[in-house]
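Written below as structure tokens is the structure these notes are about.
The values are calculated or read from the model by the stated rules, or taken from the named source; none is laboratory data. Small disclaimer: the values here were computed from a predicted structure and weren't measured. Cβ sites come from the backbone with ideal geometry, for glycine too, and all protein chains shown count toward neighbours. Heads up: the accessible areas ignore ligands, DNA and RNA and are worked out on the full protein's heavy atoms, side chains in. Shrake-Rupley method; radii C 1.70, N 1.55, O 1.52, S 1.80 Å.
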Amino acid sequence: MLEDKRILLIISGGIAAYKSLELIRQLRKRGAWVTPVLTKSAKEFVTPLSVSALAEEKAYQDLFDLTDEAEMGHIQLSRSADLVVVAPCTANLMAKMANGLADDLASTLLLATDTQVLVAPAMNVRMWDHPSTQRNLKTLKNDGVAFVGPNEGDMACGEYGPGRLAEPAEIVAAVESQLAEGPLTGRRILVTSGPTHEPIDPVRYIANRSSGAQGTAIARALVLLGADVIFVTGPADEPRPEGAHIVEVETAKDMMEAVNKVLPVDAAVFAAAVADWNVVGASDQKIKKQAGKIPSLNFSENPDILATISQLEKDRPQLVVGFAAETNDVVENATKKRLRKACDWIVANDVSPETGIMGGRENAVILISDEGAEHWPRMGKDLVARQLAERIAQALG
Ligand code: CTP
């Protein structure tokens with residue numbers, strides 16, 4: 001799958017840098033060409049010689065090395081790759097990337113590149129959890145940088161928690177999904193997913209039981225068919241789909257805003273369980289309990305994202321797919337919903353508690369289009385996603 005793909009691999013300094021040797025080996029085994037770049041501190045952990053021997057290519061190290069500039073300028077070096085991978089990426093390099101600093105070869109390449117960047121962070125758990133690293137993570141995700149890991153586990157520094165470099169096999173899988181080619185290559189597809197949270201006050205909110213599993217599976221399946229997927233998700237525990245551009249939101253209004261920003265797209269799949277209402281005048285301080293007094297909440301209606309996008313005159317996606325979560329008269333309700341919201345397809349499902357679908361791993365869907373209702377057998381959400389992605393590919397032609 002990676003035959004003749006060109007990967008620019010930036011290795012920054014950290015004990016996990018030793019895993020980059022295995023990563024290079026696995027990438028080469030799959031037919032990829034790896035151009036390694038080491039930061040100054042990476043050389044304290046792995047030698048340019050071992051990196052270059054495994055990559056069978058020169059290991060670049062210094063911005064001001066004139067021979068390198070003569071061989072290949074940094075602009076060309078950064079752009080000749082199909083994918084830029086930073087593994088391991090230290091907290092320091094993440095901070096430089098988030099702020100556009102370019103004070104060595106690695107950070108200059110990252111600033112100069114117009115190629116997709118995949119980052120595999122590795123650092124001490126406290127450094128990962130630090131607000132500045134989390135802020136940088138958010139900035140980089142918003143800039144379209146993709147992430148794999150970090151994983152949770154025992155760390156070389158003796159602590160436990162998130163911060164471990166993803167395993168080489170996981171990084172290879174993320175590289176494969178970034179470079180996936182298929183019937184949806186060149187297509188931009190939006191997927192909304194997860195619940196939304198509507199705050200009551202800073203500590204309380206209204207939500208629903210959506211796990212985000214189906215939306216995530218759809219995003220993954222679309223990535224594997226080569227689509228450029230923008231995944232707009234409410235707060236959900238489900239691990240984010242590798243290879244998709246992730247946009248995290250909290251409320252329905254945030255989701256509406258995020259969706260408007262990513263248009264135009266070729267297709268849009270609205271799998272999110274968006275809250276229908278928000279709390280009017282949500283308090284910015286915690287509402288205190290007062291003896292004998294029960295607070296009352298007033299609601300106002302949230303924007304209907306699916307209906308808004310389906311009814312756009314300009315920038316309406318070629319294909320708009322909605323979901324219908326019903327507990328009774330599924331086909332009838334979902335058919336009406338398709339017409340009311342003006343989307344092309346509705347993926348309807350029965351979310352009555354006894355079906356175990358909401359929050360579960362399986363789904364039994366009915367695909368409703370202008371050709372009628374098509375009942376799919378109950379199957380894993382991954383399989384539903386794959387079939388739906390294939391249908392989307394057929395529809396987009
Ligand atoms: N949806 C949306 N924005 C909303 C509400 C729903 O985009 N504010 C989308 C969902 O992502 C889904 C579809 O609309 O694709 C249907 O969601 P569902 O909850 O089944 O329908 P509702 O519009 O909430 O209607 P009802 O509660 O009456 O069933």
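Values for this structure:
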| read-out | value |
| --- | --- |
| Magnitude of the charge dipole, the range 188-396, Cβ model with Lys/Arg +1 and Asp/Glu -1, debye to 20 | 460 debye |
| Percent antiparallel among DSSP beta bridges (both partners in the chain, rounded to 5) | 35 percent |
| Volume per residue that the Cα convex hull of the range 6-179 spans, once the total is divided by residue count, Å³ | 98 Å³ |
| Rounded to the nearest 20 debye, dipole of the chain from Cβ charges on Lys, Arg, Asp, Glu | 680 debye |
| Cα convex hull volume per residue for the range 165-295 (Å³) | 131 Å³ |
| Rh by Kirkwood over Cα pairs, then Stokes-Einstein D for the range 188-396 at 1.002 mPa s and 20 °C, µm²/s | 122 µm²/s |
| Most positive-pole-ward Cα, Q61, A364, P36, against dipole of the chain from beta carbon charges | A364 |
| Relative packing of 127-134, 319-326, which averages over residues the other C-beta atoms within 10 Å, highest first | 319-326, 127-134 |
| The chain, helix-only ellipticity at 222 nm - DSSP H runs n ≥ 4, -39,500 (n - 2.57), divided by all residues, nearest 500 | -9500 deg cm²/dmol |
| Beta bridges by DSSP in the range 197-306, antiparallel share as percent, to the nearest 5 | 65 percent |
| Ratio of the Cα radius of gyration of the range 233-304 to 2.2 N^0.38 Å, where N counts its residues | 1.47 |
| Size of electric dipole in the range 6-179: Cβ of Lys, Arg +1 and of Asp, Glu -1, about Cα centre, debye, nearest 20 | 280 debye |
| Accessible area of the chain divided out per residue, in Å², using a probe of 1.4 angstrom | 48 Å² |
| Ordering of 155-166, 378-389 by burial proxy (mean other Cβ atoms within 10 Å per residue, highest first) | 378-389, 155-166 |
| Most positive-pole-ward Cα, A325, T192, Q285, against dipole of the chain from beta carbon charges | Q285 |
| Percent accessible area from carbon and sulfur atoms, the chain, protein chains only, probe 1.4 Å | 50 percent |
| Residue pairs, from the table K40/K138; K58/K141; K253/K286, whose Cα atoms sit over 24 Å apart | K40/K138; K58/K141 |
| Cα-based Rg and Dmax for the chain, where Dmax is the largest Cα-Cα distance (Å) | 23.3, 79 |
| The range 9-50: radius of gyration over Cα atoms, expressed as a fraction of 2.2 N^0.38 Å | 1.09 |
| DSSP-defined beta bridges in the range 188-396 - what % are antiparallel, rounded to 5 | 40 percent |
